[in-house]
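Scroll down for the structure; my scribbles are underneath it.
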Amino acid sequence: MSPIKYCAKGMLTFAASSFGEHNRANQEAKLWVLMYHRILPKADARYDLEEPGMVVTPEVFAMHLREAKKLFELVSLSDWLTRADRGQPLPAKACAITLDDGWLDNYEFALPILQHHRVPATVFVVADKVGTPFRFWPNIVSELIAAKSPALRSHPLFTQAARLIELPYSPERVAQCIGQLKAYTEDALFSALEAIGWSRALASNGPALMDWTQLAALTASGLVEIGCHTGSHRRLNKGLAATVLDQEIATSKDRLARRLGQPIKLFCYPNGDFDTAVLERVKEHYQAAVTTENGINRHGSLQPHQLLRIALHNDASDSPRKFRARLSGWR
């Protein structure tokens, strides 16, 4: 980055952190919903295997909570929504923490930090994948490359990935490879990964997602509410059949409620994708749903089944100033 661009970026960060809506006196209640995925130390082998936009370190996560406490009332998302539904008083500036996918590291690293700071959170899990060896396809590709698995050579879809196993592992090269693979559908990618036997190749790597016992420990903390992130993490914008939508939206909710012994009120759209049919089905079954659209929710124009969120990852939020700049809601 040139000195001029670096200076301009620094000035924009300063302006956003200093003059964003989080620093203004509010005339209507506003809700910031923060979106996280993975909480991993940099020394953990899983850190370099993850896409950069999907991870923050425990230290950065703890800093975010400390800074958020200075600016907002930290709330349970479903509690805030219930108060809004009932017309009860709301804090002028509220903030809810969400974590997507149900990663094992949410139990290992996020939960102790939430407990230490006494901050509520919602964890959205993929119901049919709890306690299984399942991984999302970018993680499978990253792990296969890191393991230098010759299985990648056995399918033409992974020609570029196979070249990378001959080189030292580079998160940047892997991210570029994954970016190119996104041109294929998830069905095509998982079909190819099954064909090369990815689960056998990575059998020794251990689980990536939480199991039912770990999810129960989250809820037993009194701080964490579990939401539904579909049954299989299928993207919901392809004109799917009604039976498929039932499995992904309704059956998955029932399974979580039955296994965890509590109502499931909140939904999270995989990759933020949904169409009109999906939105209507979600409205039938859930109190509210979160998207991946950037922004701040205003009580006066609240769309509870299309809640905006602010995505956090290490590179963009590893200092208080950068974190506050993200809270501004500016792109």
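Across all C-alpha atoms in segment 216-300, the radius of gyration and Dmax reach 13.4, 39 Å.
If the cut-off is 15 Å between C-alpha atoms, which aspartates and glutamates fall inside it for Lys129, apart from same-chain ones fewer than 8 positions away? By straight Cα distance, Lys129 reaches Asp100, Asp101, Asp211, Glu248, Asp254. Averaging Cα coordinates gives a centre for segment 206-254 and one for segment 100-150; these two points are 13 Å apart. Per residue, the chain exposes 45 Å² of solvent-accessible protein surface, assessed with a 1.4 angstrom probe and all protein chains in place.
Over the chain, with every protein chain in place, what whole percent of the accessible area is carbon and sulfur at 1.4 Å, could you tell me? On the chain, the fraction of accessible area on carbon and sulfur atoms equals 52 percent. Evaluated at q = 0.07, 0.08 Å⁻¹, a Debye calculation over the C-alpha positions of the chain (equal weights, vacuum) places log10 I(q)/I(0) at -0.29, -0.39. Packing around the peptides 322-328, 261-267, taken as the average count of other Cβ atoms within 10 Å per residue, puts them in this order, highest first: 322-328, 261-267. Close amide H pairs (under 5 Å, H built 1.01 Å from N) link Ile165 with no residue at least 5 positions away or on another chain. Here r is the Cβ-Cβ distance between Gln160 and Asp254 and R0 is 35 Å; the resulting FRET efficiency, rounded to 0.05, is 0.30. The H on the amide N of Leu236, modeled in the peptide plane, is under 5 Å from the matching H of Asp273, each at least 5 residues off or on a different chain.
Cross-link check: pairs Lys69/Lys93; Lys69/Lys253; Lys265/Lys322; Lys70/Lys322; Lys238/Lys265; Lys69/Lys322 evaluated at a Cα-Cα cut-off of 21 Å; pairs beyond the cut-off: Lys69/Lys253; Lys265/Lys322; Lys238/Lys265.
Close amide H partners of Leu99, meaning residues 5 or more places away or on another chain with modelled amide H under 5 Å apart, are Tyr36, Thr122, Val123, Phe124.
The values are calculated or read from the model by the stated rules, or taken from the named source; none is laboratory data. Please read all numbers here as calculations on a predicted model, not as lab measurements. Neighbour counts are summed over all protein chains in view; Cβ atoms, including those assigned to glycine, are modelled from backbone coordinates with ideal geometry. Side chains included, ligands, DNA and RNA excluded: accessible areas come from the protein's heavy atoms. Shrake-Rupley method; radii C 1.70, N 1.55, O 1.52, S 1.80 Å.
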